[in-house]
Structure formats: structure tokens, C-alpha cells
Amino acid sequence: MRHLAILSLVLVTGCTQVSGVVDTVRGGLGGLGMSTTRQAEEAPPLPPAADSVPDEPPVAVVPQAADGGLGRTVVGLGDPGKTGLWLETPLVTAGGRGRVVWPTTGRWVAVALIPADGAVTAGSRLSLEAFRILGAPLTDLIEVEVYAEG
């Protein structure tokens, strides 16, 4: 009986600590440039400028929506050796800054948009770091919404 009481105390204490960690992680996601909900009134932070990514807005292949929307694309994991937050996509013809939203969870990440060869309907490649921020399984293909900034 004594062991049962101790085990119950350990389980309750462990659950309380796990709950605190989950609350801390949820509260700290904003500092990583991501959100658990999509907020139209709050613009995401832009990725740091890279030498290969101009500060001008990207040139869209398709007409850009008023909210900066370039469209949806299916993404897979890009070159894991290429660091940074980026999306190689045929939705743009010139590099720029943007964001990727995963509608399944509402999470988003600010990225450098890099043009890729292929039809607009062709898939895109997302950086390892961006995949991790979105919380997407690295081995899956996911559909995302792409937005231009600027």
C-alpha cells in the first residue's frame, strides 16, 4: 500500500512537470518565428537577408493575391546540407522573402524564396530547418501555402 501511495505521488508530480514544460514550449514558440495559429493581423518576422536573396519582393509566376499569396505547393525535404530557412519553388522566377504556412496546423515560418525550374504545378523543396519549425514529418510530402513579403 505504501508503494502505491509513493507511485501515485510520483505520477502526479511528473504530470504537473510535463504540463509546465508543454506550457513553456507553447509560450516560447513565438520566439522561433512560428505560431500555433495563423494571425492575419500580425506579420511574421522576415528571415535574415542572404547574399543570394535580394531585399526586393519575389517575382511571382502566378498573379499575386492581395494578401501576398502565391498559391499552394507540395513540398518535400530539400538538400539537408544547405542550411538556413528557404523554399525552392517554381511559384517564383526571382528570389525574395516570404513565408510558408502549413494549413494542417496553422504553423508558419519566414523563408527565403528561391526560384526552381519546372511548371507551377511541380513540387517544391523546403529546408530542413523550416520543416522542423513547421513540425512536419521529414519523410512526408506536405501541402503548404506560400506568401510573398514586401
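Just so you know, all these numbers are worked out from the coordinates, no wet-lab data involved. Bear in mind that the values here come from a model prediction, so they are computed numbers and not experimental data. Cβ: placed from backbone, ideal geometry, glycine included. Neighbour counts: every protein chain shown.
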Legend entry - Tally, over segment 89-100, of residues that are of a type in the set (D, E, K, R) and closer than 16 Å to Leu134 by Cα: 1
Inset, instruction - Filter segment 78-88 down to residues that are assigned to a loop (DSSP other than H, G, I, E, B) and more than 10 Å from the chain's Cα centre (by Cα), then give me how many there are. - result: 7
Legend entry - Residues of segment 89-123 satisfying the condition of being outside any loop (DSSP other than H, G, I, E, B), surrounded by fewer than 23 Cβ atoms within 10 Å (Cβ to Cβ) and in contact with a Ser or Thr (Cβ under 7 Å, 6 or more places away or on another chain): Arg107, Pro115
